[in-house]
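Derivation of every value follows stated rules applied to the coordinates shown; laboratory data play no part. Predicted model only: the values in this text are computed from it and were never measured. Counting neighbours? That spans all protein chains shown, and the Cβs are built from the backbone with ideal geometry, glycine included.
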Amino acid sequence: MKYKLIILLLSITVIGSAQYDIDTLESDTLTKEPKVNLFELKKKIYVGTDLSLSFGSLTYIYLAPLIGYDITKKFSGGFSTMYQLLRAKSFSGNIVSENSFGAGMFLRYRPIQQFMLHTELDLINTVDYSVAFGRVNVPAYFLGAGYTGQLGDRVYYSFLVSYEFIRNPNMPVPAFVNIQGVPFYLKYGFVWYLG
């Protein structure tokens, strides 16, 4: 009888320890939420471009695609590239053409919806005017402010006036206006949020 009681108690103990805990079952299911919500991430990523166009005897095309990420509701940063074509026709009929391209990174701060502060550091490959047929990499550091306006829930446009601090003599981007020898640059563009 003792042996039967001991075997019965051991059986109950083994069966009891073999039971699966319901909390463990819920945490082990395959329907776990991902740690990164891609939809929420897409809401913070934007793409866009800054552009400038002029046609006639002087053709000017400036295109700067960008991608950015909202770090906070008011502060964002990202990367940009740029391509510029400057083509002029002289009075004798000769056409002079110059191509520049580059890349950089930017930070934007929007304290209110309609106002933006912008800083950008670029490296631009362009024609070296001190050497015949040479090219040079030109650094450029812009700081500016501008107006932004909504075109829908996920799209806005911007007008930005900025000053370039390095002022390299080979700077290919033409200034919008010179005030007593101080060049100011104008950029306008569009931004689309992915989410």
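A compact table of results
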item	result
Proxy reagent accessibility, fewest Cβ within 10 Å first, across Val173, Val96	Val96, Val173
Pairs of Cα atoms farther than 28 Å apart, the range 37-193, %	25 percent
Listed residue pairs exceeding 18 Å between alpha carbons, taken from Lys43/Lys73; Lys42/Lys74; Lys35/Lys74; Lys43/Lys74; Lys89/Lys187	Lys35/Lys74; Lys89/Lys187
Sites Phe39 and Leu121 - FRET efficiency at Förster radius 30 Å, r taken between beta-carbons, to 0.05	0.40
Net charge over other residues, Cβ less than 13 angstrom from the Cβ of Asn125 (K, R count +1; D, E count -1)	-2
Equivalent ellipsoid semi-axes, the range 111-191, via Cα gyration tensor eigenvalues times 5, rooted, Å	29, 14, 10
